[in-house]
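Colleague: Structure below; questions to follow.
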Amino acid sequence: MDKLLVTNVMKRLGPNDVLKGVSFELSRGEVVALLGPSGSGKTTLLRAIAGLDHPDAGRIVLGDQLLFDSQTGVAVPAERRQLGLVFQSYALWPHRTVFDNIAYGLRLRRVPAAEIRERVNAVLKQIGLEGMAERHPHQLSGGQQQRVALARAIVYNPRLLLLDEPLSNLDAKLREEARVWLREMIEHLQISAVCVTHDQVEALALADRVLLLENGRIEQEGTPQEMYENPRTVFAAEFMGSNNRLGGSVTEIKGALAKVTGPGWELWGQLRAEHRTGDAATAVIRIEKTRAQDSPSDNSIPGKLDTALYLGERWDYLFNAAGLRVRVWGSGAPAPKPYWLHFPPESLWIF
Amino acid sequence: MRKDVAWYGVKPMRKGVPWYRVGVVVVTSTAVLTPLAIILYQSFLDAPFFQPSAKLSLYAFRFVLADSDFHRAFATTAALALGMTVLAVPLGSALAFLLVRTDLPGRRWLEPVVLIPIFLSPVVLAFGYVVSAGPVGFFTLWTKQLFGAAPWNLYSLASLILIAGLTHIPYVFLYTSSALRALGADLEEAASIAGAGAARIAFNISLPMVRPAILYSAVLVFFLGFEIFGLALILGDPGGLLVLSTYLFKLTNRLGVPSYQLMAAVAIVIIAVAFPLVYLQRRLLGASGRFVTVKGKGLSQRPLSLGRWRWVSFAAVLLWLGATVLLPLSGVFLRAFVSSWGEGVRLAEVLTLDNFRDLLDYPNLVRGIVNTFGLAVIGGALAVGCYALLGLALHGWQSGWSRLADYLVMIPRGMPGLVAGLAFLWVFLFVKPLAPLRSTLFSIWLAYSVVWLAYGMRLISSALLQVSPELEEAGLVIGASRGRVTRDVTVPLIRFGLLGSWLLIFMIFVREYSTGVYLLGPGTEVIGSLIVSLWATGAIDIVAALSVVNVLLVAAGLAIALRLGVRLHG
């Protein structure tokens, strides 16, 4: 496995700048998730690494091999990059059996037939599809197809594994299982991988490091924990989890803390952006950090319960607090009584 | 962000010219442009190009444009094209709506049946009308016996327009129905729930939404009307009606000497009208595709109820099928199995198989049948192979060359078969190394393949459209070269599409008649051109027998295609 170095990659499609200079590094054995909403340029970046699209500018180096450099005009074609790619649609060849789908990369590399059989059978065993070698893709379930697609991409020991929304074609239940399985496989293989996804849970679960893309730029990067617990922008905070948002203005600053005031409420929180007293600001808090309690305390606002949704594992309460809509998660059916909503200052971010 | 990196316009990375692709485009351009060039050149000479005395001049154009016959032919052609468009477009759209969207009885089996007229040779159809409804046709005489009179004249312009209009309805049906199918049923269901009946829905929702497809088919039918040859030759001649193509055809013998320059001038006039129409069609086809993307969703299509109009509509469709398929074909078959026919002849007394026995006595007719079959089967396969080579060469290739090829493919569409056949005859006469090939089937094959290039390319590209690009990219990433991906992924995946194209090209080649007319000679006989030349000599018995063979060949191809589930349109 080699180190991947992507430097200042830009791509323009028609009138849109899809990538506006993206740089990142992928160390040996690391899994990086490219996370972002649709149109953020994440798939374009993946295709540029794969060699399926050529960027307009930038440089991509894998190990000691220059894959792409706009200044010297180097562009190694996809077929000579020695990568593995799992497509969103899996792109299994419908006219070939599972065995032939997986064996194709080995045949291209002129591996002897006996060894091909051995290696394909080994990987089939690894993905738990022994005995399905002679089936055609349409005879497999979605989850099985996804495993075959992965097997096809790793059987020839690629230098880097690329995954394009690998779980998005599975239904919700299956996706959770596949997520666990995929993480285990990647750890077991000790492979470097780049995984594109629009689902933050998927990114958090699969990756060692998350790159959050927005509008063709990297908004923030870090470990899954950093990304979730320490977002640097409202966008990152909103994208990584479910929040309550309160708009107001900064009325007092004390070191790293600031007070945000709105009509009928004031709350202390962590200062997350350069603010001076009087600036408009947005206070953001994860729903699971917001609490509903019976009596007033520091940093709380009285709230009136509007409605509550039963979601099985938890309840989702909807409050009206000083004209703001606030969600809180709870474990039981709510009683009809006055509430105070508590926002722990260490968990309330002020942007 | 660093600003020192060049922002746009980084040069294409792999500078290597894709020689295979460029080569295929160059060969195609040669095959397409040479005949066009030779017609253009000939039209500006004052004598046939092989005469040393031939000089550049505008004589031919001056002669043709001053000829009153030419004026009449042009006017007749315009009236014919316009008349049949006015007739075919509303009826074809209605047919499409009935078959695709309503609970018309038997709509499943009607679908392939209504396309039959497309696959029948126009000369066979026209001949069928003559023996069925001509002055002494079967149905004319039977009607006279029953009612004392048969008040129609088959050889009038009105009849020609009516027949041409009715037989071109399937073209309108083809495009309108596929646009209607792409339309989500929920759009109509919304109107239905709001209280609209089937007719209201058709006029307020469905047909307006497929307007671009209808407009496209209107231009197509007008264009086909402009190029009409077989119907006009057989049905127009007795009444002295000339259209542009038959005027061109008659010019051959007009002056006693080969008047190539005049023919070339007429051909150029025809091409000059056809090219803008072809270009317009291309623009409209793009527009109709774009329109269809504005669609609802929902695949389950509950047919709209026609209520008490259900059986009335069914009867109307059957009436049309009777008039365009049953009437001419029954005439052809009856005529092939009788020794003679006329007033006072009783059918039972004249039944015979002699016509088919006679067929076997003429070596050129036997050769014509064998040639047609071989040309359609083997030549059809070779043509599909060539179309596939070109299609694959252009597949996923963005460059000036591929855009050039897009336009090249359209050029033969602007040359009616008769003109293209003439052009290829001249190519074989003009280019000396090709001369020995003129009296072989190769000349016919080349002309057919070029004439049907646009159609063939449409078949190939719709097959290629079924292959998702990701399937090919998967091969590239794994390490296969472009060529390898084509061999291992693309071609196996379009195999069925290629088979279907072969069957369609088979039928088209069997049906084709006008392209072979000028290339007809010993060794190059095909059924279509034999019918045209035998019709002129009045050998009705043999024309009838040949027509039956022709129809049976097409029917065999159609049966296999339907059996295999081949879509009858690209």
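Colleague: Scan the stretch A:85-96 residue by residue and report those that are part of a loop (DSSP other than H, G, I, E, B), buried (at least 21 other Cβ atoms within 10 Å of the Cβ) and more than 7 Å from every other protein chain (Cβ to nearest Cβ).
Modeller: Of everything in the stretch A:85-96, those that are part of a loop (DSSP other than H, G, I, E, B), buried (at least 21 other Cβ atoms within 10 Å of the Cβ) and more than 7 Å from every other protein chain (Cβ to nearest Cβ) turn out to be A:TYR90, A:LEU92.
Colleague: Only one residue in B:THR102, B:THR143 is at pLDDT below 95 and in contact with a strand residue (DSSP E or B) (Cβ under 7 Å, 6 or more places away or on another chain). Which one?
Modeller: Numbers: B:THR143 fails: in contact with a strand residue (DSSP E or B) (Cβ under 7 Å, 6 or more places away or on another chain).
Step by step, each of B:THR102, B:THR143 is checked, and only B:THR102 is at pLDDT below 95 and in contact with a strand residue (DSSP E or B) (Cβ under 7 Å, 6 or more places away or on another chain).
Colleague: Mind counting the residues in the stretch A:97-121 that are over 27 Å from A:GLU165 (Cβ atoms), not basic (Lys, Arg) and not in a loop (DSSP other than H, G, I, E, B)?
Modeller: Looking only at that region, the number is 6.
Colleague: Continuing with this model, one more query. Considering only the stretch A:208-217, how many residues are surrounded by fewer than 19 Cβ atoms within 10 Å (Cβ to Cβ) and either of a type in the set (Val, Ile, Thr) or within 12 Å of the chain's Cα centre (by Cα) (or both)?
Modeller: At the first step, the residues of the stretch A:208-217 found to be surrounded by fewer than 19 Cβ atoms within 10 Å (Cβ to Cβ) are A:208, A:215, A:217.
Now narrow it down to the ones that are either of a type in the set (Val, Ile, Thr) or within 12 Å of the chain's Cα centre (by Cα) (or both): A:208.
Residues meeting the conditions: 1.
Colleague: Inside the stretch A:41-57, can you point out the residues that are within 9 Å of chain B (Cβ to nearest Cβ) and in contact (Cβ under 8 Å) with a residue 24 or more places away in the chain? Step through it out loud before you land on a result.
Modeller: Filtering the stretch A:41-57 down to residues within 9 Å of chain B (Cβ to nearest Cβ) leaves A:47, A:50-52, A:54-57.
Once the filter is applied, which keeps residues that are within 9 Å of chain B (Cβ to nearest Cβ) and in contact (Cβ under 8 Å) with a residue 24 or more places away in the chain, the stretch A:41-57 yields A:ALA50, A:GLY51, A:LEU52, A:PRO55, A:ASP56, A:ALA57.
Colleague: Do we find a residue being more than 9 Å from chain B (Cβ to nearest Cβ) and not in a strand (DSSP E or B) anywhere in the stretch A:77-84? Outline the logic, then answer.
Modeller: Taking the stretch A:77-84 first, the residues more than 9 Å from chain B (Cβ to nearest Cβ) are none.
Looking through the stretch A:77-84, none of the residues is more than 9 Å from chain B (Cβ to nearest Cβ) and not in a strand (DSSP E or B).
Colleague: Shifting gears a bit: Please go through (1) of a type outside the set (Phe, Trp, Tyr); (2) farther than 26 Å from A:LEU26 by Cα; (3) outside the structural domain of A:TYR339 (by TED's automatic domain parsing) for A:ALA193 and return the number of the only condition it doesn't satisfy.
Modeller: (2)
Colleague: Give just the number: which of (1) within 24 Å of B:GLY225 (Cβ to Cβ); (2) in contact (Cβ under 8 Å) with a residue 24 or more places away in the chain; (3) surrounded by fewer than 15 Cβ atoms within 10 Å (Cβ to Cβ); (4) small (Gly, Ala, Ser) does B:ALA75 not satisfy?
Modeller: Exception for B:ALA75: condition (2).
Colleague: Kindly check whether there is at least one residue in the stretch A:224-242 that is touching a residue at least 12 places away in the same chain (Cβ under 8 Å) and in a strand (DSSP E or B). Let's see the steps before the verdict.
Modeller: First, pick out the residues of the stretch A:224-242 that are touching a residue at least 12 places away in the same chain (Cβ under 8 Å): A:224, A:227-228, A:231-242.
Imposing the further condition that a residue be in a strand (DSSP E or B) reduces the set to none.
Taking every residue of the stretch A:224-242 in turn, none turns out to be touching a residue at least 12 places away in the same chain (Cβ under 8 Å) and in a strand (DSSP E or B).
Colleague: Hey, A:GLN220 hits all of (1) in the same structural domain as A:LYS42 (by TED's automatic domain parsing); (2) at pLDDT below 90 but one; which does it fall short on?
Modeller: (2)
Colleague: OK, next. Among the residues of the stretch B:452-473, is there at least one that is within 14 Å of chain A (Cβ to nearest Cβ) and aromatic (Phe, Trp, Tyr)?
Modeller: no
Colleague: Given the residues A:ARG291, A:ARG325, which is the only one that is buried (at least 16 other Cβ atoms within 10 Å of the Cβ) and under 26 Å from A:ILE253 (Cα atoms)? Outline the logic, then answer.
Modeller: On the way: A:ARG325 fails: buried (at least 16 other Cβ atoms within 10 Å of the Cβ).
Among A:ARG291, A:ARG325, only A:ARG291 is buried (at least 16 other Cβ atoms within 10 Å of the Cβ) and under 26 Å from A:ILE253 (Cα atoms).
Colleague: Also, I was wondering about something else. Read through the list (1) buried (at least 16 other Cβ atoms within 10 Å of the Cβ); (2) within 14 Å of another protein chain (Cβ to nearest Cβ); (3) free of Cβ contacts under 8 Å to residues at least 24 places away in the same chain, then give the number of the only condition that A:GLN220 fails.
Modeller: Unmet condition: (2).
Colleague: Residues to consider are B:LEU564, B:LEU534, B:LEU520; find the one that is more than 24 Å from B:LEU115 (Cβ to Cβ), surrounded by fewer than 24 Cβ atoms within 10 Å (Cβ to Cβ) and over 21 Å from the mean Cα position of the chain (by Cα).
Modeller: Values: B:LEU564 fails: more than 24 Å from B:LEU115 (Cβ to Cβ); B:LEU520 fails: over 21 Å from the mean Cα position of the chain (by Cα).
So the residue among B:LEU564, B:LEU534, B:LEU520 that is more than 24 Å from B:LEU115 (Cβ to Cβ), surrounded by fewer than 24 Cβ atoms within 10 Å (Cβ to Cβ) and over 21 Å from the mean Cα position of the chain (by Cα) is B:LEU534.
Colleague: Sticking with this one: Inspect all residues belonging to the stretch B:220-230 and state whether any of them is of a type in the set (Phe, Trp, Tyr), modelled with pLDDT of 90 or more and farther than 15 Å from B:ILE161 by Cβ.
Modeller: Of the stretch B:220-230, the ones of a type in the set (Phe, Trp, Tyr) are B:222-223, B:226, B:229.
So of that shortlist, the ones also modelled with pLDDT of 90 or more come out as B:222-223, B:226, B:229.
Imposing the further condition that a residue be farther than 15 Å from B:ILE161 by Cβ reduces the set to B:223, B:229.
Looking for residues that are of a type in the set (Phe, Trp, Tyr), modelled with pLDDT of 90 or more and farther than 15 Å from B:ILE161 by Cβ, one finds at least one in the stretch B:220-230, hence yes.
Colleague: With the structure loaded, tell me whether B:GLY239 is at pLDDT below 90 and in contact with a Gly (Cβ under 8 Å, 6 or more places away or on another chain) or whether it fails that test.
Modeller: Working: at pLDDT below 90: yes; in contact with a Gly (Cβ under 8 Å, 6 or more places away or on another chain): no.
The answer is no for B:GLY239.
Colleague: Let me ask something additional. For B:LEU534, are the conditions met, namely being within 14 Å of chain A (Cβ to nearest Cβ), in contact with a helix residue (DSSP H, G or I) (Cβ under 6 Å, 6 or more places away or on another chain), modelled with pLDDT of 90 or more and not in a loop (DSSP other than H, G, I, E, B)?
Modeller: Spelling it out, it is not the case that B:LEU534 is within 14 Å of chain A (Cβ to nearest Cβ), in contact with a helix residue (DSSP H, G or I) (Cβ under 6 Å, 6 or more places away or on another chain), modelled with pLDDT of 90 or more and not in a loop (DSSP other than H, G, I, E, B).
Colleague: For the stretch A:261-290, give me each residue that is assigned to a strand (DSSP E or B) and touching a Phe, Trp or Tyr at 6+ places or on another chain (Cβ under 8 Å).
Modeller: The initial filter retains those residues of the stretch A:261-290 that are assigned to a strand (DSSP E or B), namely A:261-262, A:265-271, A:280-286.
A:LEU267, A:GLY269, A:GLN270, A:ALA281, A:THR282, A:ALA283, A:VAL284, A:ILE285 - these are the residues of the stretch A:261-290 that are assigned to a strand (DSSP E or B) and touching a Phe, Trp or Tyr at 6+ places or on another chain (Cβ under 8 Å).
Colleague: Considering only residues that are within 14 Å of B:LEU115 (Cβ to Cβ) and buried (at least 24 other Cβ atoms within 10 Å of the Cβ), which ones fall in the stretch B:173-192?
Modeller: Taking the stretch B:173-192 first, the residues within 14 Å of B:LEU115 (Cβ to Cβ) are B:173-178.
Once the filter is applied, which keeps residues that are within 14 Å of B:LEU115 (Cβ to Cβ) and buried (at least 24 other Cβ atoms within 10 Å of the Cβ), the stretch B:173-192 yields B:PHE173, B:TYR175, B:THR176, B:SER177.
Colleague: Let me ask another. Only one of these conditions is not met by A:PHE99: (1) at positive phi; (2) more than 10 Å from chain B (Cβ to nearest Cβ); (3) aromatic (Phe, Trp, Tyr). Which number is it?
Modeller: (1)
Colleague: Let me ask something else. Look through B:GLY479, B:GLY483 and report the one residue that is farther than 17 Å from B:ALA388 by Cβ and either surrounded by fewer than 17 Cβ atoms within 10 Å (Cβ to Cβ) or assigned by TED's automatic domain parsing to the domain that holds B:TRP426 (or both).
Modeller: Values: B:GLY483 fails: farther than 17 Å from B:ALA388 by Cβ.
B:GLY479 is the lone residue from the list that is farther than 17 Å from B:ALA388 by Cβ and either surrounded by fewer than 17 Cβ atoms within 10 Å (Cβ to Cβ) or assigned by TED's automatic domain parsing to the domain that holds B:TRP426 (or both).
Colleague: (1) surrounded by fewer than 23 Cβ atoms within 10 Å (Cβ to Cβ); (2) under 22 Å from the mean Cα position of the chain (by Cα); (3) in a strand (DSSP E or B): which one isn't true of A:GLY29, the others all being true?
Modeller: Going through (1) surrounded by fewer than 23 Cβ atoms within 10 Å (Cβ to Cβ); (2) under 22 Å from the mean Cα position of the chain (by Cα); (3) in a strand (DSSP E or B) one by one, A:GLY29 breaks only (3).
Colleague: Something else about it: Are any residues in the stretch A:305-322 in contact with a strand residue (DSSP E or B) (Cβ under 8 Å, 6 or more places away or on another chain), of a type outside the set (A, V, I, L, M, F, W, C) and not in a strand (DSSP E or B), and if so, which ones?
Modeller: Residue satisfying the conditions is A:ARG314 alone.
Colleague: Now a separate question. Quick one: which residue in B:VAL210, B:VAL266, B:VAL243, B:VAL219 is out of contact with any Lys or Arg (no Cβ under 8 Å at 6 or more places or on another chain) and either among the basic types (Lys, Arg) or farther than 30 Å from B:VAL130 by Cα (or both)?
Modeller: Exactly one residue qualifies, and that residue is B:VAL210.
Colleague: Among the residues of the stretch B:112-136, what is the count of those that are aromatic (Phe, Trp, Tyr) and within 30 Å of B:GLY565 (Cβ to Cβ)?
Modeller: If we filter the stretch B:112-136 for residues that are aromatic (Phe, Trp, Tyr), which is where we start, we get B:119, B:127, B:129.
Checking the rest, the ones that are also within 30 Å of B:GLY565 (Cβ to Cβ) come to B:119.
Summing the residues that are aromatic (Phe, Trp, Tyr) and within 30 Å of B:GLY565 (Cβ to Cβ) in the stretch B:112-136 gives 1.
To keep it simple, each residue is scored yes or no on (1) within 14 Å of chain B (Cβ to nearest Cβ); (2) closer than 17 Å to A:VAL196 by Cα; (3) more than 19 Å from the chain's Cα centre (by Cα); (4) surrounded by fewer than 18 Cβ atoms within 10 Å (Cβ to Cβ).
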{"position": "A:ASN8", "(1), (2), (3), (4)": "yes, no, yes, no"}
{"position": "A:LEU13", "(1), (2), (3), (4)": "yes, no, yes, yes"}
{"position": "A:GLY39", "(1), (2), (3), (4)": "no, yes, no, yes"}
{"position": "A:ARG59", "(1), (2), (3), (4)": "yes, no, yes, no"}
{"position": "A:LEU67", "(1), (2), (3), (4)": "yes, no, yes, no"}
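Colleague: Is it fair to say A:LEU271 is over 28 Å from A:VAL201 (Cβ atoms) and under 27 Å from the mean Cα position of the chain (by Cα)? Break it down into steps so the answer makes sense when it comes.
Modeller: Values: over 28 Å from A:VAL201 (Cβ atoms): yes; under 27 Å from the mean Cα position of the chain (by Cα): yes.
The answer is yes for A:LEU271.
The values are calculated or read from the model by the stated rules, or taken from the named source; none is laboratory data. None of these values were measured; they are calculated from a predicted model. Note: ideal-geometry Cβ built from the backbone for every residue, glycine included; neighbour counts use all protein chains shown.
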